Every structure is written in structure tokens, then in C-alpha cells.
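For reference, the structure is listed below as C-alpha cells.
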Amino acid sequence: MKAIRAIAGIVASLSFAAAVPAASAQEIKIGFNGDLSASPSAQSGQAAVVGMQAAIADLNAAGGVLGKKLTLVVRDDTSRPPKSIQNMSDLIDNEKVVAVFGPTNSGNAMAWKHIVNQKKIPVIDNVSSGTDITKPMSAGADNYMFRVSMVDREQVAALMAYVKKGGSDAKKIGFMSETTGYGQGGLKDMKSIAETQGITPAAIEQFGVGDTDMTSQLNKLKAAGVNTIVIWAQGTPIAQVMRSMEKINYYPRVLSSWAADNITFYDAAGKNLAEKPLFLRTVSENRTPAQDKLFARVGSQLKAPSSFSFALHGYDSVMILAQAIKQANSMDGSTIRVALENLNTPVKGLLKTYNKPFSKTNHEALTAKDFVWVHWKDGRLVPYTDAFVASLTPADYKQ
Amino acid sequence: MEAIFQALISGLAVGGAYALVALGFSITFTTTKTLNFSHGEFVSSGAFIGMSAMLLLLGKPITSTTFGGAVPGVTAQLLALVAALVVMGGLGWLLYVIGVRPFAKQPGMAWVMSTLGFGVVLDSIGLAIWGPKPVVVPSPVGDSVIQILGIGVRPQELLLLCVAVVVMIVFDVVMRKTMVGKMMRAVAANGAVASLMGINTNAVMIGAFVVSSALAGLSGFLIAPITQASLFMGLAIGLKGFSGAMIGGLNNPRGCVIGGFALGVFESTVNLWQAQWREIAVFAVVILVLSFKPTGLFGSRLVEKV
């Protein structure tokens, strides 16, 4: 309720800001377009908005950007692609924002990425993790899609590096994925990176997103002698896989997509089973002092403490954009894009200090080496390490 | 071998949910020749009503997204079940009065749209009250796996299976042996004649929708601890339950339940083969059955006199 009220507050204050056009010369408008209410991922979008507001408050308190105040225009796309496209046109054509953040769902970014590339408006995705979001429309084309968040393919790269370290001969590996776009995208990445790493899965199994019993698929993996499973699915189905493992008393090593960080996974799997999978995040719940400060400010507005990582993405993404606007000394989209790709000054964010985070070809601010290995422990996401994790070097992460 | 038995048991467990939903479709069809196409949404709503009642009895707000480890006692569970049955039964009556009766006597299929629309309305109201987050509902019979000869099943799944069979038997006996059952079948066969014979057709039809919707409430209440209570849970279960009813025969309660169980077992055996082809295989079987036996495996032939 609190978060809903907070968002209602944002929307109300924004519509007020929009009603005073005289102020527009003195302000820089940025937009957020993503799901804030409809899908289970909505809590991530809400957290990103909360983080962005905190960053904007900090920047404005320090005198704004180029002497102008930043304001945020928030649009809820209710996770529907058509609504998301409509929001994008509204933000760019009516609100005249200089840059857009979001979306919450990867599919929606794919639905409108051609629009922002045509209209030359930079987008920094601070929530969704689909690999293809930041790819240019055609090889070598100017690309306006940037990201400060998790990247599916980078996670897969790290998971496969872990499997490789453990020795693909000693460990018989199996892949599992749900039959949605998210699951299939992850499975595609898993297959291709496994091939690069010289890992051959002993079995590949799939399941429906609403399934409650995966014992048939697990029995096949068991029969194939699989002792390490990589699961690519959303939080609830991963929990159902864990619950099915309990039914047939089969507990291989489980590596999973980061969706297991969602509180819905923990609730559904129950404490004992939830503590089994290892996965990657951009941050654990062991916070740095600077992160703690932000948590103290915004923590009460979050639906679940585990969604705080998105507030950090939101905060850092605004800081990076502000630096790019300063460097560009302009509100022009293509000038800002060029500045983003060649940032001269390091940006001190809350996750890390971004030293030239983007280039012409790399639009990911966070990559495999920035991620942390985590698992659930007593209801918190804590860092995980073992001999294999400790021995991983950037050279092990193959794309 | 163990894998096959596990698939059989797991299939029956999943099939129990389909069977209950299939029965719900059957009840309105055998009396009014109409179907509640939002039966799936009724199942989700039933789950949320039951969950909210339990939260209230535990002294938590109904919009809580977690039980926080608290397990409601037997009385609370039963009261919640009654709440789910009563509220959903009431909604069924409402659906009949505003969504079915005005259109049932007219030619065309306006009732299809109006029952579908009723489901959309229910979903939207549910989203506004409870939000999109699924809620883990504690099971009244515990959550620890029961192991029999290396085959695992959860107590709630066994409960669902038993309830589906019991409800089927009760319904079957009522339809065949009692006066109420005869009235219902008479209304289904020919409403005008039944009315002339002194049967209150309106009351029978309302009764059918109330019972069918209360059954949806029961299904939701029993399925929620297995799938989690989610407003999106009903759609898939509704479709599969309908498929089960089509396979077994919409006008035969025994056929509906057998169809539901058969579909569950078929799914889990397809999972043993190639899970990614499951949905295609399921609907291929539905089409195959319907093309050879248009009224389902156990359905009696419809004789329509023109």
C-alpha cells in the first residue's frame, strides 16, 4: 500500500509539474516507462523509480545539472507491450524527455527499441535483463539502448564458468528451463556458452511456467546421472522444481537464474529448499556504508528488501546520465549518446565507480565480473563462496 | 519403473485439480446447456476468498502477501472454506441473473461473451484488491512429503484427489437417484416441458450456477496450497479442466472426473518423454477424441429434435 501511495504521490506531483510549462526551460525532464502494478516483477520497477527519485533529489540539492533541475516523468506500462509503446511516444513527443529509463519487462524493451533509435533518445535500462535489449538494430548502427542492470547472457557466462571450474567431467550437467520467452532465451544462451566452454549437457528438460510437479523431468535427469542442474525460469517455477526434488529425494547442485532472488521464490520453496540454489546478483544484502545510507532513506518504500538492488540500479543510472549531460553540455539525444559512449570523468555510483562504463560497442555498465554470487540464508540474500567461486577470474567468463 | 509410478501419482495429483474444475463445467451444462466460461477466474477468486478469510482469522489484513509461517487452525480452515463456498456461490447466482438469464433464451451465444466478461471483471477487481503477487497458502494437512516406496507426494495433493472422487460420487448419486437430480435433468432435456410439469426451472438453473460456482470456490481453496494463490492460476487450470470435461464427456460427471484424471496422467507421462511438446500433445488428444466421439469418451449422445 505504501508503495502504491508513494507512486500515486509521484504521479500527482508530476502532473503538477507538467501543469507549469513556464518552468520547463529551467528543468530537464527524464522519463521512466515500465511495469509498476501488474506483473509479479512490478516491485522491481517500483524500486528502480524510488532509487531514481533519490538520485534526482541528490543532484538537485547539489544545484542540478547544467544549472537546471531534473524532474522525473513516470509512466506505468502495466507490463503490456502496446501500452509501453504508447507511453514511449507520449514521453518523447508530449513530455519532451531527454532520456528514458526502464522497462521492467524485457519484452517491452524489444517492442519499442526501434522507436528510441529512430527518435534518437537515449534509454538506460535499469531493471530488465534480456540479453538482446542493448544490441544495435543492425551491425554498426548508432545504438541508443544502454543498461545498468543484470544481463542474462553475463549471468549465464558466470554460471558456465563455475561449472567449467568444477570440471565438466567430474560433474554431469543438466539444463532446465521454462517454456516462456524468458526461459527459452536463457536456454539459448546456456547452450551457446556451454559450447564455447566445451561443456556438453547430459540432458535438457523443459517445463511450463504454471507447472506444480516436475518429477517426470527430474527423474530423467536423475537417470542420466546429472549432479549439477542449471535452471532458467522465474521465481515461482524454480521453487516448484525444488519442491519436486524433495518428492523424489534427488538433490543435485542447483545453479539458477537470478529470478530466485524474488521473495516469491523464497516463500514458495520454504526455508530449507530455498537455501539450495546458487545464483548471481548485482549486490547482496550485505550493504556498503553508502548503500546503507540510501537504504535508510528509501527502504520503507520498498515492497521487499530484496528489491533494493533495483533502487541501486535506478540511482546509479541517473548519476551516469547526469554526467553524460554535463559532458555533452546539451539536451540533444545523439550528443548525449556520444557522451555516454565516451565518459571522460568516472561516475561514483553506489554499486561501483563507473570508469568509462560504455563504449561504442559495449552498452553494459555491469558485467559478469561485477556480479556477486549469492544464496538465501535465514531469509536474507548473503554472498556465497567456495573454492570454485574464489578461483574465478575475468578470463574464465567466456561469451 | 519408479519414474513411471511417480509420473502416475503426480499425474493423478495434478489431474485432481482438472477433475474438480471439469465437474464445475458439467453441472451448469447438464442443467442449463450453458457454460460458465469464467470458471477459471472463479477458481482463482475462490482461492483468494479462502486465503483472505484465513488471514482475517489470524488477525492480519487481507492484503498481506505472506502468512509469515503462521498456520491457521482447523476451525479457521473450515470457516475459510465456508466463506469461499458461500461467497463464490453468491457470485454464481449473480452471474446467472445478470450474465446468463437475460441471454439464455435468445438465439446466438451472447452468454459466452457475458460469462467471459464476468471473469475479466472478477480478475480486475481481484488485482485491485490483492495485487499481482502470488501468495503462498499453508496447507491444512501439512506440507511434508509422504514417501511410499520411493514415490513422493504431498498430503494436499492426496486430499485434492480424494475430494474430487467424493464430489463426483455425491453428484453422480444426486443426479441419478434423487428428485432434485431428476428435476435438473428434466430442465436440461426440455425447460418448457419441465416448467409445465410444475418444476421451477428458474430455481433449478440458479441452483446449478450456485453449486457450480461454489465448487469453483472449493477447487480454488484446495488448489491454492499446491500452486500458490494467484489471480493467474485459474486461466490455465480452467482451460485444462474444460479439456478434461470434453475428453470425458461434458454431460457425464463420472466422465468429467475420469477425463480430468486421464489428462493429468497423460501430461506427466508426456513430461517423461519430451516436456516441450506437452501442450501440443494434450490438445492433439482433445481434438482426436472429439473427432471420433464428439460427446466425449463417456458422454451420452445428444439427440436434438428440430
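Throughout, read-outs are computed from the coordinates displayed, never taken from laboratory work. The shown structure was predicted, so the numbers you read here are calculated from the model rather than taken from an experiment. Because the Cβ atoms are built from the backbone with ideal geometry, glycine has one as well, and the counts that use them run over all protein chains shown.
If you wrap a convex hull around the C-alpha atoms of region A:67-216 and split its volume per residue, what is the figure in Å³? Spell out each step's value before the answer.
Values: hull volume 22.8 nm³, N = 150.
Taking only Cα atoms, region A:67-216 has a hull volume of 152 Å³ per residue.
If you average the alpha carbon positions of region B:74-147 and of region B:229-271, how far apart do those two centres end up, in angstrom?
18
Tell me, Kirkwood radius of region B:210-274 from alpha-carbon pair distances, in Å?
On the way: mean 1/r = 0.0784 Å⁻¹.
Hydrodynamic radius (Kirkwood, Cα only) of region B:210-274 equals 12.8 Å.
Along the Cα-to-C-beta direction of residue B:113, a point sits 7 Å from the Cα; which residues of region B:33-69 have their amide N less than 20 Å from that point?
B:34-39
Across peptide B:265-276, what mean number of C-beta atoms from other chains lies inside 10 Å of a residue's C-beta?
Values: counts 0, 0, 4, 6, 1, 1, 13, 6, 2, 4, 12, 9.
Other-chain Cβ atoms within 10 Å of each residue's Cβ, averaged: 5.
Less than 13 Å apart at the alpha-carbon level, and either on another chain or at least 8 residues along: which aspartates and glutamates does that give for residue A:83?
A:35
For residue A:255, which sequence-distant residues (separation of 5 or more, or a different chain) have an amide H within less than 5 Å of its own amide H, given hydrogens modelled in the peptide plane?
For residue A:255, the qualifying residues are A:229, A:230, A:231, A:278.
Of A:293/A:352; A:188/A:222; B:177/B:240; A:120/A:398, which sit over 25 Å apart, Cα to Cα?
Working: A:293/A:352 15 Å; A:188/A:222 23 Å; B:177/B:240 30 Å; A:120/A:398 32 Å.
Violating the 25 Å Cα-Cα cut-off are B:177/B:240; A:120/A:398.
List the pair-distance distribution P(r) of the protein assembly as shown, using every Cα-Cα distance, as the percent of pairs falling in each 20 Å bin from 0 up to the bin containing the longest distance, rounded to whole percents.
Per 20 Å bin, starting at zero, the Cα-Cα P(r) for the protein assembly as shown comes out as 17, 45, 30, 7, 0 percent.
Which helices count as membrane-span-like in chain A under these terms: full DSSP H, at least 18 Å along the axis by C-alpha, Kyte-Doolittle mean of -1.0 or more? Numbers along the way, then the final one.
Values: long enough: A:2-18 (24 Å, 1.45); A:42-61 (29 Å, 0.61); A:106-119 (20 Å, -0.67); A:152-166 (21 Å, -0.33); A:181-197 (24 Å, -0.84); A:235-247 (19 Å, -0.35); A:308-328 (30 Å, 0.70).
Span-like helices in chain A: A:2-18, A:42-61, A:106-119, A:152-166, A:181-197, A:235-247, A:308-328.
From the C-alpha coordinates alone, can you work out the Kirkwood hydrodynamic radius of region B:2-292, in Å? The partial results should precede the final answer.
Numbers: mean 1/r = 0.0514 Å⁻¹.
Radius from the Kirkwood sum: 19.4 Å.
Just order A:317-326, B:289-298, B:155-164, A:224-233 by mean Cβ neighbour count inside 10 Å, highest at the front, would you? All intermediate terms of the calculation are to be shown ahead of the outcome.
On the way: A:317-326: 24.0, B:289-298: 14.8, B:155-164: 20.3, A:224-233: 22.5.
Highest-to-lowest ranking by the protection proxy: A:317-326, A:224-233, B:155-164, B:289-298.
Stokes-Einstein D for region A:226-296 at 4 °C, 1.567 mPa s, Kirkwood Rh over Cα pairs, in µm²/s?
Numbers: Rh = 13.0 Å.
For these conditions, the coefficient is 99 µm²/s.
Enter the Cα centre distance for the pair region A:151-223 and region A:255-327, rounded to the nearest angstrom.
24
Given 4 °C and 1.567 mPa s, how large is the Stokes-Einstein diffusion coefficient of region A:292-399 in µm²/s, with Rh as the Kirkwood radius over Cα pairs? Show your work: numbers first, answer last.
On the way: Rh = 16.2 Å.
Translational diffusion coefficient: 80 µm²/s.
Calculate the FRET efficiency for residue A:370 and residue A:209 from the Cβ-Cβ distance with a Förster distance of 22 Å, rounded to the nearest 0.05. Mind dumping the intermediate values first?
Numbers: r = 29 Å, r/R0 = 1.32.
Calculated value: 0.15.
What lysines could a cross-link reach from residue A:220, if we take a straight Cα to Cα line under 20 Å and drop same-chain neighbours fewer than 8 places away?
Within the straight-line cut-off, residue A:220 pairs with A:171, A:172, A:191, A:247.
Assuming 1.567 mPa s and 4 °C, estimate D for chain A with Stokes-Einstein, Rh taken as the Kirkwood radius over Cα pairs, in µm²/s.
Numbers: Rh = 21.6 Å.
Here the translational diffusion coefficient equals 60 µm²/s.
Cβ neighbours within 10 Å, averaged per peptide: list B:138-148, B:200-210 in order, most packed at the top. If you can, show how the numbers build up before the last one.
Numbers: B:138-148: 14.9, B:200-210: 19.6.
Ranking, from highest mean packing down: B:200-210, B:138-148.
If you take every residue apart from residue A:360 with its C-beta less than 11 Å away from the C-beta of residue A:360, what net charge results, scoring Lys and Arg +1 and Asp and Glu -1? Kindly include the intermediate steps, with their values, before the conclusion.
Working: positive: A:337; negative: A:142, A:341.
With Lys, Arg at +1 and Asp, Glu at -1, the neighbours total -1.
Would you mind computing, in nm to one decimal, how far apart the modelled labels at residue A:224 and residue B:177 are, each placed 7 Å from Cα along Cα→Cβ?
With each label point 7 Å from Cα toward Cβ, the separation is 5.2 nm.
I'd like the Kirkwood hydrodynamic radius of region A:191-349, using the inverse of the mean 1/r over distinct C-alpha pairs, in Å. Working shown, then result.
Values: mean 1/r = 0.0531 Å⁻¹.
For region A:191-349, inverting the mean 1/r across all distinct Cα pairs yields 18.8 Å.
Once the piece of chain linking residue A:61 and residue A:115 is laid out straight, how much longer is it, given 0.36 nm per residue of separation minus the C-alpha distance between them?
Stretched fully, the residue A:61-residue A:115 segment lengthens by 16.1 nm.
So if we plug the beta-carbon distance of residue A:96 and residue A:344 into 1/(1 + (r/R0)^6) with R0 = 25 Å, what FRET efficiency do we get, rounded to 0.05? Intermediate results must be reported in sequence, preceding the final value.
Working: r = 27 Å, r/R0 = 1.08.
Once the sixth-power term is evaluated, E becomes 0.40.
Say R0 is 60 Å: what FRET efficiency, to the nearest 0.05, do residue A:138 and residue B:202 get from their beta-carbon distance?
Details: r = 66 Å, r/R0 = 1.10.
According to the calculation, E is roughly 0.35.
Take residue A:288, project a point 7 Å from its Cα along the Cβ direction, then tell me which residues of region A:306-348 have their backbone nitrogen under 20 Å from it.
Counting backbone N atoms under 20 Å from the label point, the list is A:306-324, A:343-348.
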